[in-house]
Amino acid sequence: MIERKPKWNKELLTGTWVEKNQFDYYTNDSIPKPPPAPKPPAPEGFSESDFHNIPRYRIDTDSIYLDYNYYRSKSKIQINTTGEFIKMNLTNHHIDYNVQENFWRIKHLTDSTMIIDKTSNHLLGRKHNKALSNIKLIKIR
């Protein structure tokens, strides 16, 4: 057998990522939008600056964090040796309530963009697993 070489430098994953289509929508003033709804009051332990209307994924060497609205989620991650797959147990209320992201397949990775397929499942078992394809993420930090 031949050992497979890494496709990407895993250090490129480190940083804060957002979905490009949502980022473009919220930052492009030429796209007509409904009037902004007022931010909900910050829950105890949060400040108004902790509010994020776009889901933000922050990846470090061994964990992934998701910040959306005032919600925060964290999961340990496992990255395979080629850097193509990430396993996690990340609760994601942006997709739907009681949904957990389990698996990302990285199809493309640079220092500023990442294209992934992701798989999630419903924690209460009422709905089936959900697969989303060709999601483009951009690095904001």
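The values are calculated or read from the model by the stated rules, or taken from the named source; none is laboratory data. Note that the structure is a prediction, hence the values are computed from the model and not measured. Every residue, glycine as well, gets a Cβ built from its backbone with ideal geometry; the counts of neighbours run over all protein chains shown. Areas reflect the complete protein model, heavy atoms only, side chains present, ligands, DNA and RNA absent. Shrake-Rupley method; radii C 1.70, N 1.55, O 1.52, S 1.80 Å.
Sub-6 Å Cβ pairs linking a first residue in segment 117-141 that is at pLDDT 90 or above to a second residue that is not in a strand (DSSP E or B), at least 6 apart or interchain, are 136/20; 138/20; 139/112, ordered by first then second residue. Take the conditions (1) closer than 20 Å to residue 141 by Cβ; (2) exposed (fewer than 14 other Cβ atoms within 10 Å of the Cβ); residue 104 misses just one of them, which is (2). In this structure, is residue 75 modelled with pLDDT of 90 or more, under 13 Å from the mean Cα position of the chain (by Cα) and closer than 19 Å to residue 19 by Cβ? Here the answer is yes, as residue 75 does meet what is asked.
To keep it simple, each residue is scored yes or no on (1) over 19 Å from residue 139 (Cα atoms); (2) open to solvent by less than 70 Å² (accessible area, probe 1.4 Å); (3) in contact with a helix residue (DSSP H, G or I) (Cβ under 9 Å, 6 or more places away or on another chain).
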position: 28; (1), (2), (3): no, yes, no
position: 45; (1), (2), (3): yes, no, no
position: 61; (1), (2), (3): no, no, yes
position: 66; (1), (2), (3): no, yes, no
position: 79; (1), (2), (3): no, yes, yes
position: 85; (1), (2), (3): no, yes, no
position: 88; (1), (2), (3): yes, yes, no
position: 111; (1), (2), (3): no, no, yes
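Test residue 91 against the stated conditions and say whether it is among the hydroxyl-bearing types (Ser, Thr, Tyr), in contact with a strand residue (DSSP E or B) (Cβ under 7 Å, 6 or more places away or on another chain) and touching a residue at least 60 places away in the same chain (Cβ under 8 Å). No.
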